[in-house]
1. Looking only at residues in region 358-385 that are basic (Lys, Arg) and within 29 Å of the chain's Cα centre (by Cα), which one is farthest from Gly341 (Cα to Cα)?
2. Here are the criteria: (1) closer than 30 Å to Pro193 by Cα; (2) surrounded by fewer than 21 Cβ atoms within 10 Å (Cβ to Cβ); (3) touching a helix residue (DSSP H, G or I) at 6+ places or on another chain (Cβ under 6 Å). Tell me which single one Leu276 does not satisfy.
3. State all residues of region 277-307 that are free of Cβ contacts under 8 Å to residues at least 60 places away in the same chain and not in a helix (DSSP H, G or I); if no residue qualifies, say none.
4. Go through region 298-325 and give me each residue that's open to solvent by 40 Å² or more (accessible area, probe 1.4 Å) and more than 19 Å from the chain's Cα centre (by Cα).
5. Going through region 247-263 one residue at a time, which ones are in contact (Cβ under 8 Å) with a residue 24 or more places away in the chain and in contact with a Leu (Cβ under 9 Å, 6 or more places away or on another chain)?
6. Leu338 is checked against (1) within 30 Å of Gly379 (Cβ to Cβ); (2) over 20 Å from the mean Cα position of the chain (by Cα) and fails just one. What number does that condition carry?
7. What number of residues within region 84-97 satisfy the criterion of being open to solvent by less than 20 Å² (accessible area, probe 1.4 Å) and more than 14 Å from Arg116 (Cβ to Cβ)?
Amino acid sequence: MRPLPAGVAARLAAVAADPAGVPLPVFNSLLSLLASSDPSHAHLPLHLFRRLLLPRRHPDAFTLSTLASSSSSLSSAALHAFALRLGLLHADPVVANALLLRYLRLPTRCPDLARRLFDEMPVRTAASYNTLISHLPPGGAEDVWGLVRRMVADGCTPDRFTVSAVLPACVSGYLRRGRELHCYALRAGMCGPDDFHVSSGLVSMYCRVGHPDLAWRVFNQLERRNVVSWTAMVGGFVENRMFEDAVEAFRAMWVNDGIQPNRIALITVLSAVQALSGLAEGKQVHSFAVRMGMYGEVPLNNALIDTYAKCGSLHYARRIFDDDSWCKDVISWGAMILGYGIHGMGAEAVDLFEQMLVSGVKPDDIVGLGVLSACSRAGLVLKGLDIYNSMVKDHGVNPTEEMCACMVDLLGRSGHVDHAMDFIKSMSVEPGSSVWGALLDASVIHNNKEIQDFASRSLLRLEERKPSNLVAVSNLFASSERWSIVEQVRTRINQGSVKKKPGRSWVNPT
């Protein structure tokens with residue numbers, strides 16, 4: 001436990017020496033200081049409240065809201081009941097807002113209790129709505145807009161926090177709502193030179209709905225830009241697969257505006273670097289991280305391992321991985337295992353997986369996918385089967401569709417097409433397009449006409465909007481001159497909203 005700051009320790013000692021003579025505002029001030037201090041002192045606010053304050057005077061709304069915002073071990077339900085008993089819960093929205101936030105931040109979140117508390121509040125403020133909106137689960141766009149409409153009907157004016165919390169709900173198909181929010185922010189004066197959160201949120205929103213041109217226009221109109229707005233623009237380019245623009249924007253952040261990239265910016269641009277197979281750019285980002293003292297941060301090192309592996313430089317990836325100066329997590333092991341798998345080094349991937357188990361790191365489904373795909377590429381059938389069974393039975397990993405597709409590919413490519421079919425029938429998850437696509441490829445390789453027909457019809461029955469599978473089915477029926485079915489499949493491809501992108505390759509002279 002770290003020692004308390006000298007000023008806080010002195011005030012605590014003075015209150016403990018004469019608790020009866022301390023006014024309530026002084027108690028509250030000390031509670032607030034302790035609640036915002038080091039997490040190792042999380043027990044002190046509750047101790048001060050129970051032993052020194054509660055026996056001598058009634059707490060007020062500020063006291064309970066401070067306790068609710070602390071990380072003390074006091075039960076949220078107990079604090080809720082205490083506030084009700086004192087009549088403070090409905091008398092002051094500050095207490096209700098603090099409890100609402102506490103319910104939503106619990107490790108085991110209680111959204112139902114939080115929503116019930118919110119609905120029973122006699123007076124809801126903008127802070128109440130902002131708290132609930134910002135903690136809604138992803139994918140609840142309609143719930144967000146419903147709360148915004150209710151907020152306006154309650155007479156609460158949406159503020160900067162509201163706009164920043166609502167903008168992430170503008171996903172694909174919500175461009176009109178996003179532009180309405182943009183207009184509101186402009187009219188309300190929320191796009192000033194210091195409104196970085198709103199401006200960065202607008203940039204991210206336009207990129208998320210597939211309009212990086214509008215995002216770039218908003219970005220260029222900003223009077224002041226910081227690392228958050230630049231990172232939002234770089235991330236938007238990456239999200240829209242404009243990787244060269246992402247790298248150029250990253251360079252401009254440093255060269256033109258003189259803004260030093262942070263860890264998040266480096267991780268973001270590394271996604272573009274690995275998509276471009278830009279080994280030279282990856283080394284530059286690595287060098288910059290070392291110079292700026294960021295090397296050793298686990299998420300950044302994981303991104304560097306992934307980048308080097310996907311750029312074909314396993315030697316550099318392994319050097320970072322083997323550096324004992326930083327603490328590796330399961331993502332680090334998974335990135336290195338996947339790197340070996342990409343390059344067909346199945347034996348090395350399996351060895352590293354076994355080292356991970358020996359070191360005590362528990363594998364997850366991502367690691368499982370990496371090592372199974374490595375076994376599939378290297379033809380390690382028996383090893384792949386052992387690893388799959390071990391992960392499911394010994395490590396409690398729930399098999400995903402992607403893991404099952406790797407197993408089907410592993411069995412099918414090695415000639416065990418019938419065993420692959422049996423595996424599909426025994427799967428605990430519903431087989432999707434990746435599973436049937438792997439079975440189709442294997443049946444074509446080994447000329448199993450019966451399973452070819454079964455797999456292709458299963459793909460057509462799924463009606464997945466994945467054109468590569470439909471093209472494979474079309475080519476299969478064309479090879480057997482079944483032109484009526486070919487015409488039906490091609491019609492479906494042409495009428496679908498997702499088109500198959502033509503393949504491409506390039507040579508990087510550097």
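1. From region 358-385, those basic (Lys, Arg) are 362, 377, 383; that's our starting set.
When the remaining residues are screened for being within 29 Å of the chain's Cα centre (by Cα), the result is 362, 377.
Values: Lys362: 19, Arg377: 7 Å.
In this case the residue turns out to be Lys362.
2. Going through (1) closer than 30 Å to Pro193 by Cα; (2) surrounded by fewer than 21 Cβ atoms within 10 Å (Cβ to Cβ); (3) touching a helix residue (DSSP H, G or I) at 6+ places or on another chain (Cβ under 6 Å) one by one, Leu276 breaks only (1).
3. Scanning region 277-307 gives Met292, Gly293, Met294, Tyr295, Gly296, Glu297.
4. Selection gives Lys310, Gly312, His315, Tyr316, Arg318, Arg319, Asp322, Asp323, Asp324, Ser325.
5. In the first step, residues of region 247-263 are kept if they are in contact (Cβ under 8 Å) with a residue 24 or more places away in the chain; the result is 247, 253, 257, 259-263.
If the condition is that a residue be in contact (Cβ under 8 Å) with a residue 24 or more places away in the chain and in contact with a Leu (Cβ under 9 Å, 6 or more places away or on another chain), then Val247, Arg263 are the ones that fit.
6. The failed condition is (2).
7. Taking region 84-97 first, the residues open to solvent by less than 20 Å² (accessible area, probe 1.4 Å) are 89, 95-96.
Going one step further and asking which of them are more than 14 Å from Arg116 (Cβ to Cβ), we end up with 95.
Result for region 84-97: 1.
To keep it simple, each residue is scored yes or no on (1) open to solvent by 70 Å² or more (accessible area, probe 1.4 Å); (2) touching a residue at least 24 places away in the same chain (Cβ under 8 Å); (3) part of a helix (DSSP H, G or I).
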site	(1), (2), (3)
Pro45	no, yes, yes
Pro55	yes, no, no
Pro59	no, yes, no
Ser65	no, yes, yes
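The values are calculated or read from the model by the stated rules, or taken from the named source; none is laboratory data. In this text the structure is predicted, and so the values were computed from the model without any measurement. Note that we place each Cβ from the backbone using ideal geometry, even for glycine, and neighbour counts take in every protein chain shown. The accessibility values were calculated without ligands, DNA or RNA, using every heavy atom of the protein model including side chains. Shrake-Rupley method; radii C 1.70, N 1.55, O 1.52, S 1.80 Å.
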